[in-house]
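Reviewing the structure listed below.
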């Protein structure tokens, strides 16, 4: 059993009525996260919304350079980069320091259809890859809004771009809000750190060519989550970004979700320190996978990040690849020498 921790961050703006400004939502909170990671010699994987970067470049936006400089700081901080895509940026328009979306019909990349989705995926992958040093590869992916299904529509893009590791599955998650979010991960194993798959990311296949790296989940009572949110509200805990996500169906549905018992992803987002400690297992067979978003960073979540990275060993993509039994001839994610060194350490 191990106390290893895999930290993943979705590097993105808010994607609803208010995106927030790039500095409040991305630059400032990410720099604060990197400071905590460096101080504890910890690492993480940042899934960068390449569709947003492409939009910035197309608009010749002045913030493009600031984002690229931060990506360099992320890599220099010994962290990894993965691909993240929100195809709704095809419908984004500049509005002062923020953005507005004319429609949310293209929230899921699946809405583009097979041919266009494959081409858009390829363009996003190449755009992100072009910023990185020559010995770094992009072979890890997380779907925007966790929307990976049906996988058949993305399989060709995975093959063409060399994506091998997917981080989109949250075991037990079920969302039926067409056309925006359609997710059914109820059949995914809940007590495994990874598995190989072929055509369905929730069904392990030992002969599969891809690897699912699910977010670790813990069973939470609805009242626990409600008390956690109340504690944060009473402490006037404000998120760095100040934006708003995509609209949910109704207040009634929000309350129903809040009080629903069941598996919840282990996350630094909107959770009290008491509940986070309760959810985090003291030991796991390989590693615990915890997710966060810089835009949702608060003073509380940064203290939580400091606490868990001081007490646990953090791992990156090289170690994940070693756990999955990746062939060392695969394109490296970090520098070749560093990857060999880390993989050897895990094996021993």
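The values are calculated or read from the model by the stated rules, or taken from the named source; none is laboratory data. Note that the structure is predicted; figures quoted are calculated from it, not measured. Here the Cβ positions follow ideal geometry from the backbone for every residue, glycine too, while neighbour counts run over all protein chains shown.
Which condition number in (1) under 20 Å from the mean Cα position of the chain (by Cα); (2) modelled with pLDDT under 95; (3) assigned to a loop (DSSP other than H, G, I, E, B) is the one that residue 263 fails?
Among (1) under 20 Å from the mean Cα position of the chain (by Cα); (2) modelled with pLDDT under 95; (3) assigned to a loop (DSSP other than H, G, I, E, B), residue 263 violates only (3).
For residue 284, indicate whether it is modelled with pLDDT under 95 and surrounded by fewer than 21 Cβ atoms within 10 Å (Cβ to Cβ). Full working, then the answer.
On the way: modelled with pLDDT under 95: yes; surrounded by fewer than 21 Cβ atoms within 10 Å (Cβ to Cβ): yes.
Answer is yes for this residue.
Taking interchain pairs and intrachain pairs at least six residues apart, which have beta carbon atoms under 6 angstrom, with the first residue in the stretch 262-275 and in contact (Cβ under 8 Å) with a residue 12 or more places away in the chain and on the phi < 0 side of the Ramachandran plot and the second crowded, with 19+ Cβ neighbours inside 10 Å and part of a loop (DSSP other than H, G, I, E, B)?
What qualifies is 265/170; 265/215; 266/216; 269/293.
Could you tell me whether any residue of the stretch 71-85 is surrounded by fewer than 21 Cβ atoms within 10 Å (Cβ to Cβ) and within 21 Å of residue 243 (Cβ to Cβ)?
In the first step, residues of the stretch 71-85 are kept if they are surrounded by fewer than 21 Cβ atoms within 10 Å (Cβ to Cβ); the result is 71-73, 75-78.
Those left that are additionally within 21 Å of residue 243 (Cβ to Cβ): 71.
Yes, the stretch 71-85 has at least one match.
Is at least one residue of the stretch 168-186 in contact (Cβ under 8 Å) with a residue 12 or more places away in the chain, under 26 Å from residue 57 (Cβ atoms), assigned to a loop (DSSP other than H, G, I, E, B) and in contact with a strand residue (DSSP E or B) (Cβ under 6 Å, 6 or more places away or on another chain)?
Within the stretch 168-186 (the criterion being in contact (Cβ under 8 Å) with a residue 12 or more places away in the chain, under 26 Å from residue 57 (Cβ atoms), assigned to a loop (DSSP other than H, G, I, E, B) and in contact with a strand residue (DSSP E or B) (Cβ under 6 Å, 6 or more places away or on another chain)), the answer is yes, since at least one residue qualifies.
Just name the residue that is nearest to the chain's Cα centre (by Cα) out of those in the stretch 108-145 that are under 27 Å from residue 79 (Cβ atoms), at pLDDT 95 or above and outside any helix (DSSP H, G or I).
It comes out as 142.
Quick check on residue 246: is it within 20 Å of the chain's Cα centre (by Cα), at pLDDT below 80 and closer than 30 Å to residue 88 by Cβ?
Numbers: within 20 Å of the chain's Cα centre (by Cα): yes; at pLDDT below 80: yes; closer than 30 Å to residue 88 by Cβ: yes.
Yes, satisfied.
Is it the case, given these coordinates, that residue 208 is within 25 Å of residue 272 (Cβ to Cβ) and outside any helix (DSSP H, G or I)? Break it down into steps so the answer makes sense when it comes.
Numbers: within 25 Å of residue 272 (Cβ to Cβ): no; outside any helix (DSSP H, G or I): yes.
Against the criterion (within 25 Å of residue 272 (Cβ to Cβ) and outside any helix (DSSP H, G or I)), residue 208 does not qualify.
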